[in-house]
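Worksheet for the structure shown next.
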Amino acid sequence: MNEIKVPILISAKKLLSDAAHLNPGPWVNHSKYVALAAKNIAKKCNNIDEHIAYTAGLLHDIGRRYGVSHLQHIFDGYNFLSELGYPFLAQIALTHSFPIKEVSSYFGKMDCSKKDLIFLKKYLRDVKYSPYDKLIQLCDALAFPSGFCLLEKRMVDVFLRHGPTAFMREKWLKTFEIKDKFEKQMGVSIYKVLPGVIRSTFV
Ligand SMILES: [Fe+2]
């Protein structure tokens, strides 16, 4: 994993804070919690680097710097991080919403061009997910802007905001499968490493 290029911590935080100025919103705190979850899970997994995990979490939604959008944000994030020279993080910006490789499993509007959709379909078909892609897919489903939460709560929240989508069951089953695999590696429940999860889930 030595060849993975990511910004140093101060630069990653600056990228997020610059984006927060351009498009303030709950997504910024959500990104911080995703990063913390990724780092804490990484600490317990010997094949995952904490700093890469944390940075990937901080920047997975960076495409939101360009404004409020739905699916478009993953292309914006991919292009932004690619141009900065971080192809590994760019991949995660594109894959973080796809535990299953089905474009139509996305919750939210397909507010992108037809060309982008074709690109995404091919990309998902060809890409081999790294442990970091899966880690951020999982952590994305564990973090509200106000803190960590039970996976099931976030799933219901997304469902209530966007309604049902194709492959919903498959997507959720895959997310649970990813959780189970990480827990096996960690030897503890993921919730053990998410501070305040009980309060933020139930209060
Ligand atoms: Fe996210």
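Scanning segment 58-90 for residues that are among the β-branched types (Val, Ile, Thr) and either away from the ligand (no atom under 15 Å from the Cβ) or within 15 Å of Asp140 (Cα to Cα) (or both) gives Ile62, Ile74. Asn2 meets the conditions (1) among the polar types (S, T, N, Q); (2) at pLDDT below 95; (3) within 15 Å of the ligand (Cβ to nearest atom) in every case but one. The failed one is (3). Of the residues making up segment 5-35, those that are crowded, with 18+ Cβ neighbours inside 10 Å and either small (Gly, Ala, Ser) or modelled with pLDDT under 95 (or both) are Ala12, Ala19, Ser31, Ala35.
I'd like to check something: does segment 79-98 contain any residue that is touching a helix residue (DSSP H, G or I) at 6+ places or on another chain (Cβ under 7 Å) and either of a type in the set (D, E, K, R) or surrounded by fewer than 15 Cβ atoms within 10 Å (Cβ to Cβ) (or both)? No, segment 79-98 contains no residue that is touching a helix residue (DSSP H, G or I) at 6+ places or on another chain (Cβ under 7 Å) and either of a type in the set (D, E, K, R) or surrounded by fewer than 15 Cβ atoms within 10 Å (Cβ to Cβ) (or both). Residues in segment 38-69 that are over 19 Å from Gln91 (Cα atoms) and in contact with a Phe, Trp or Tyr (Cβ under 8 Å, 6 or more places away or on another chain) were compared, and the one that is surrounded by the most Cβ atoms within 10 Å (Cβ to Cβ) is Ile41. When you check Lys101 against the structure, is it basic (Lys, Arg), closer than 21 Å to Phe159 by Cβ and touching a residue at least 12 places away in the same chain (Cβ under 8 Å), yes or no? Judged against the criteria, Lys101 is a match. Residue count for segment 38-57, restricted to those that are in contact (Cβ under 8 Å) with a residue 40 or more places away in the chain and assigned to a helix (DSSP H, G or I): 12. Would you check if there is a residue in segment 134-149 being more than 16 Å from the ligand (Cβ to nearest atom) and at pLDDT 95 or above? Scanning segment 134-149, I find no residue that is more than 16 Å from the ligand (Cβ to nearest atom) and at pLDDT 95 or above, so the answer is no. Residues that are of a type in the set (Val, Ile, Thr) and either more than 17 Å from Lys174 (Cβ to Cβ) or outside any helix (DSSP H, G or I) (or both) within segment 90-131 comprise Ile100, Ile118, Val127, listed in sequence order. Here Arg65 clears all of (1) within 12 Å of the chain's Cα centre (by Cα); (2) closer than 15 Å to Ala12 by Cα except the condition numbered (1). Against the list (1) within 13 Å of the ligand (Cβ to nearest atom); (2) within 28 Å of Lys115 (Cα to Cα), the condition Ala35 fails is (2). Entry remark, segment 91-112: residues being aliphatic (A, V, I, L, M) and within 15 Å of the ligand (Cβ to nearest atom) number 3 in total. For Lys101, all conditions in the list (1) more than 23 Å from Leu81 (Cβ to Cβ); (2) of a type in the set (Lys, Arg); (3) in contact with a helix residue (DSSP H, G or I) (Cβ under 6 Å, 6 or more places away or on another chain) hold save one; what is the number of the exception? The one condition Lys101 does not meet is (1).
The values are calculated or read from the model by the stated rules, or taken from the named source; none is laboratory data. All of these numbers come straight from a predicted model, not from anything done at the bench. As a convention, Cβ positions derive from the backbone with ideal geometry for all residues, glycine included, and neighbour counts pool all protein chains shown.
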